């Protein structure tokens, strides 16, 4: 874990917890004490060598870090680029989410908490949290939208096997936004619990904590590409839902001449309700959701718009505030890839490299494929794509789409 100040962008900020004009702590008074306690525990955790040593050891011996940086030579040769995949799919539980879950669970234990509340969309954060709780002997309650639970049934079963209690959320679209709402409401009524938020968003200090626990991805990737390729990449690309895997990768290259590209869910169109693109789709504007000021998909009256994505992990209507600042300053750019493009990327990587990527990660790869095919990326570029998770959880969705396509043809 880096010892750099938290958060990264404080030069324009009105105070701690702000990334330029984004971030803050927009929370009910009943949660302020919890958030202040968590902020103090985070700084204590960062400054305690023994705590950091324990976290490093758990990441190494239990989670399986460092994860490899894999040269995708066959697909890279087809595209005419040098393509590297940061293999977070090989982390224990199958996604980058475990980095954050283990770190926050260790902090919660130091705080004397015995119960963990969490939300999940694609299920990977829920599985990671249930895994961390099983390891550390903590009670685990996971809130999950009913729609997501239906399309991510294998992850629901994994969470239950790990001892977690699943609370299905039937409100709203019954997806990730609604699961976050339910988890926050539960935390208000359960101050003895710790809410283990899964992405780099929410009220301060969550964006700072989650990014700090995920930046191991970027630090490893930077060292690995220098060692294996002998130079920095031209591009670092990651999918962006809430934004934890992307900010983890980007933080490794912020001070380098590396272009950072975040790929959102383009869904099936640009109209509201057909996508989850906060930067490039209709409806994205500054607003407050789940405790922070950031970019939110909303209508003219400020009501949160419905979202869509083939991927259960990318259909969140807002984005982490650090990403909003990276976009504002031009340090990163944010683009979108659609459902069909992500599915095509999933199949292409599977059949050229023997790797089944999560549909979330497939969006990042889809943008590279589209831009290279269209000639908008130059020959020979060195590109690092964060493969944030594995695709086992998405087989039901992928196979159903493929069968439907065969029937329609």
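Working only within the range 175-187, note down all residues that are touching a residue at least 60 places away in the same chain (Cβ under 8 Å) and in a helix (DSSP H, G or I).
176, 177, 179, 180, 181, 182, 183, 184, 186, 187
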### Residue ID - modelled with the highest pLDDT, chosen from residues in the range 162-176 that are touching a strand residue (DSSP E or B) at 6+ places or on another chain (Cβ under 6 Å) and buried (at least 21 other Cβ atoms within 10 Å of the Cβ)
164
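Have a look at 207, 191, 154 and point out the one that is more than 17 Å from the chain's Cα centre (by Cα), not assigned by TED's automatic domain parsing to the domain that holds residue 273 and not in a loop (DSSP other than H, G, I, E, B).
After ruling out the rest, the residue left standing is 154.
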### Task
Among residues belonging to the range 374-409 that are in contact (Cβ under 8 Å) with a residue 24 or more places away in the chain and more than 27 Å from the chain's Cα centre (by Cα), point out the one that is farthest from residue 85 (Cα to Cα).
379
### Query
So which of 218, 202, 172 is in contact with a helix residue (DSSP H, G or I) (Cβ under 7 Å, 6 or more places away or on another chain) and part of a loop (DSSP other than H, G, I, E, B)?
172
### Filter result for residue 149 (touching a helix residue (DSSP H, G or I) at 6+ places or on another chain (Cβ under 7 Å), under 26 Å from residue 89 (Cβ atoms), part of a helix (DSSP H, G or I) and modelled with pLDDT of 95 or more)
no
### Considering residues of the range 382-409 that are in contact with a helix residue (DSSP H, G or I) (Cβ under 8 Å, 6 or more places away or on another chain) and in a loop (DSSP other than H, G, I, E, B) only, the residue surrounded by the most Cβ atoms within 10 Å (Cβ to Cβ)
388
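Mind listing just one residue for me: the one in the range 177-188 that is more than 12 Å from residue 118 (Cβ to Cβ) and either crowded, with 22+ Cβ neighbours inside 10 Å or in the same structural domain as residue 291 (by TED's automatic domain parsing) (or both) and, of those, modelled with the highest pLDDT?
Ranking the candidates gives 178 first.
The values are calculated or read from the model by the stated rules, or taken from the named source; none is laboratory data. This structure is a prediction, so every number in the text was calculated from the model and none was measured. Glycine also receives a Cβ, built like all others from the backbone with ideal geometry; neighbour counts cover every protein chain displayed.
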